[in-house]
Each structure stands twice: as C-alpha cells, then as structure tokens.
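The values are calculated or read from the model by the stated rules, or taken from the named source; none is laboratory data. This is a predicted model, so every value here is computed, not measured. Cβ placement follows ideal geometry from the backbone for every residue including glycine, while neighbour counts extend to all protein chains displayed. Note: accessible area is taken over every heavy atom of the protein model, side chains too, but ligands, DNA and RNA are not part of it. Shrake-Rupley method; radii C 1.70, N 1.55, O 1.52, S 1.80 Å.
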Amino acid sequence: MAYLFMGIFVVIATVLDQLSKLWVVGNIPLHGEIPVLSGIFHLTYAQNTGAAWSMLSGMQWLFLLIFLAFTLGIIWEFSKKRWPFTTFDRWCIAVVYAGGLGNIIDRIRLGYVVDMIEVEFIDFPVFNLADCCITCGCIALVVHLVFFNREFWKEKI
C-alpha cells in the first residue's frame with residue numbers, strides 16, 4: 001500500500017513540476033525575471049541543456065541513460081527488497097525519482113530543462129521544482145542512511 005502512495009506522490013510532484021514550467025514559459029520571456037521576494041529570490045526563465053551548473057551540456061542521451069538505469073534499479077529494489085531500506089528511505093528515493101522524471105520529460109519534450117527559481121542572496125544556478133526534489137531527497141536519504149538506518153551498513157555473512 002505504501003508503494004501506491006509513493007507512486008501517487010511521484011505523479012503529483014511531476015505534474016506540479018510540469019505545470020510550474022508551463023506557467024513560466026507562458027508568462028516570462030527567456031532570461032526575463034519576475035521579483036517574488038526582494039533580496040531572496042525571483043523567477044527567471046532559463047533553458048538548461050546540461051545538469052547543475054550546465055555540466056555535461058548537450059548530453060541528453062547520457063541523462064536519459066542514467067534515468068533509465070535509475071528506473072530499472074528502483075523497480076528491481078522495490079520488487080525484490082534486496083537492500084535494508086526503511087520506508088523513509090524509500091520515500092526519499094520516490095522524491096528523487098519524481099524530480100528526475102520531471103526533468104527527463106523536459107529533456108525528451110523540449111531538448112532542455114526549464115529552470116526558473118533564482119536565489120539572490122547567494123551565487124547559485126537557476127533551478128526548478130524537480131531539482132528541489134532531487135536535492136532534498138538525496139540529502140534526506142544520505143542523512144538517514146548515515147545517522148539513522150544502521151541496518152543498511154551491517155555486513156551480511
């Protein structure tokens with residue numbers, strides 16, 4: 001039953017990501033911006049053909065290959081339950097997957113990822129809701145695995 005809710009979450013998060021990107025494309029010119037919270041962040045329409053900081057720009061095939069491998073790994077793991085992941089760990093993986101799915105849809109549909117959130121108080125690349133899911137899900141998973149899921153690190157004899 002938990003997997004059903006995880007699947008529903010992935011769909012909802014992906015739809016919200018895609019809707020936010022459609023709104024930005026329809027309402028902000030490329031490289032244009034709309035202030036949201038002065039001194040904190042604004043919406044800026046950017047197109048990214050790479051990953052963070054435009055690394056691996058133009059290598060859409062590589063991102064697709066990584067996403068397909070991640071998808072197969074999740075299907076294998078969630079069906080066989082080979083690793084001692086907790087329910088929280090699996091939710092973190094679902095959050096990361098939702099972000100990856102949102103960005104891969106852009107890559108397939110547009111050839112680039114639509115980014116729109118730009119923070120003003122630090123020098124950081126423009127990002128989107130899917131990137132937030134990937135980053136927060138990864139951080140939560142690593143913190144949980146390192147500090148709370150001791151079973152994950154026990155050796156099997």
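Report every pair of residues separated by at least 6 positions or lying on different chains whose Cβ atoms are under 7 Å apart, first residue within the stretch 48-62 and within 11 Å of residue 107 (Cβ to Cβ), second of a type in the set (Lys, Arg). Taking only residues 6 or more apart or on different chains, the pairs are 60/107.
Applying the criterion of being touching a helix residue (DSSP H, G or I) at 6+ places or on another chain (Cβ under 7 Å) and over 27 Å from residue 75 (Cβ atoms) to the residues of the stretch 112-149, the residue that is surrounded by the most Cβ atoms within 10 Å (Cβ to Cβ) is 114. For the stretch 9-34, what are the residues that are part of a helix (DSSP H, G or I), over 16 Å from residue 137 (Cβ atoms) and open to solvent by 30 Å² or more (accessible area, probe 1.4 Å)? Correct list: 15, 19, 20, 22, 23, 25, 26, 27.
Restricting attention to the stretch 31-64, the residues that are of a type in the set (Val, Ile, Thr) and either over 25 Å from residue 101 (Cα atoms) or in contact with a His (Cβ under 6 Å, 6 or more places away or on another chain) (or both) add up to 3.
The residues of the stretch 35-54 that are of a type in the set (Gly, Ala, Ser) and outside any strand (DSSP E or B), listed by number, are 38, 39, 50, 51, 52, 54.
If you filter the stretch 89-111 down to residues that are basic (Lys, Arg) and closer than 18 Å to residue 66 by Cα, you find that the one that is most open to solvent (accessible area, probe 1.4 Å) is 109.
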